[in-house]
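Report on the structure given below.
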DNA sequence: CAGTATCCAGGAAGATACTG
DNA sequence: CAGTATCTTCCTGGATACTG
């Protein structure tokens, strides 16, 4: 394997890894998907729409998406606070691909799950 | 947030999360992409094609891809060992989406990187 | 050649509690 | 309401060494 510095340079150069790495985030894709369905969503609404994410992780996810320019955040100076999230144009442009991906997932899911089980059994019997 | 058991049931039910979770893997997408270009690849060849992955992680990645049925593994009973990896039909069917994704990444990468930097500066000045 | 074994470090994510 | 602070746990992935 390569040394750390060499690796980092590869990662920086490679646009695919750099950007696609974001999808490694456990929640990012899901947040984009939810935002694509609701247009405008407030923070606690998102919490409810994705019931198994903590507010800590959700806010971190939103911040990276905002940093990337995929999501915009609008704060209303009112009490109690009101913050709205929505997709930017770039964020929107990603949606069709995510949907295709989920369709692919739905199409092949049964086969994949079946295959996983079979594989598991075969591995055990060795 | 929900309790752990409730969460797990959500994840099991949801086909999208279940399958898309695989993309969270740091190397899975890249391996599929490389296999789509080379058709048949041997283990150490892959090591060389993806120079910044360790053999330990590479073999783990290959095993999960094999378990999912995206990659097939063919062992020749010779000395020294010879093992060939290639995409299955399901694996192949995923390739166009990955390519679209990488094209999207290439198109928007500059904007995203610029936005990240801007965002960083703004965060510091607060 | 094609991996495994072992050990370790870092980061992601979870639980809980708290605040402007 | 919309988060942050803190602490802890878990798990991925990395380094190195070794083997059928």
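Read-outs: derived from the displayed coordinates by stated rules, not from any lab. All figures in this text were calculated on a predicted structure; none of them were measured in a lab. Don't worry about glycine lacking a Cβ; one is built from the backbone with ideal geometry, like all the others, and counts go over all protein chains shown.
Values for this structure:
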{"quantity": "Nearest-first distances (nm) between copies at residue A:122, label 7 Å from Cα via Cβ", "calculated": "5.1"}
{"quantity": "Gaussian network model of chain A, springs between alpha carbon atoms under 10 Å - residue of A:53, A:34, A:79 with greatest fluctuation", "calculated": "A:79"}
{"quantity": "Max mean-square fluctuation residue, GNM over chain A, Cα-Cα springs under 10 Å, options A:40, A:98, A:112", "calculated": "A:112"}
{"quantity": "Calculated label separations, residue A:96, copies of the chain, 7 Å along the beta-carbon direction, nm", "calculated": "1.3"}
{"quantity": "Distances in nm from residue B:83 to the matching label points in the other copies, shortest first (labels 7 Å along Cα to Cβ)", "calculated": "4.7"}
{"quantity": "Neighbouring partner chain Cβ atoms per residue of A:58-64, average, 10 Å criterion", "calculated": "1"}
{"quantity": "Cα gyration tensor, the protein assembly as shown - rounded (a/c under 1.5), prolate or oblate", "calculated": "prolate"}
{"quantity": "Chain B: angle of helix B:55-68 to the longest principal axis, Cα-based, in degrees nearest 10", "calculated": "90"}
